[in-house]
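The values are calculated or read from the model by the stated rules, or taken from the named source; none is laboratory data. Please read all numbers here as calculations on a predicted model, not as lab measurements. When we count neighbours, we look across all protein chains shown, and the Cβ atoms used for this are built from the backbone with ideal geometry, even at glycine.
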């Protein structure tokens, strides 16, 4: 796999897998994925990416939103890697 492209055959509109939910902390600097067996703490950028994984947004659109949110460009490879890892962990459909 090329680290600058999505995994072959992966859905282009990622969705957080049910029954997982995102919960933002009061300071909005971090969040956690809450699941029936507990939770996983995430940093802000991971939370921002997963918050956009609602099944309605194309992956390229998510990347554009993240780049705009953080006022940065060239984040595609990082977002693709994170999405691939989130899929591997079973967080995304």
Residues (in contact with a helix residue (DSSP H, G or I) (Cβ under 9 Å, 6 or more places away or on another chain), free of Cβ contacts under 8 Å to residues at least 40 places away in the same chain and under 11 Å from residue 46 (Cβ atoms)) located in the range 64-93: 66, 78, 79, 82
Counting only residues that are touching a residue at least 24 places away in the same chain (Cβ under 8 Å) and surrounded by 18 or more Cβ atoms within 10 Å (Cβ to Cβ), how many does the range 41-63 have? 7
Consider residue 47 against the criteria (1) in contact with a strand residue (DSSP E or B) (Cβ under 6 Å, 6 or more places away or on another chain); (2) at pLDDT below 95: it satisfies all of them except one. Which criterion is unmet? (2)
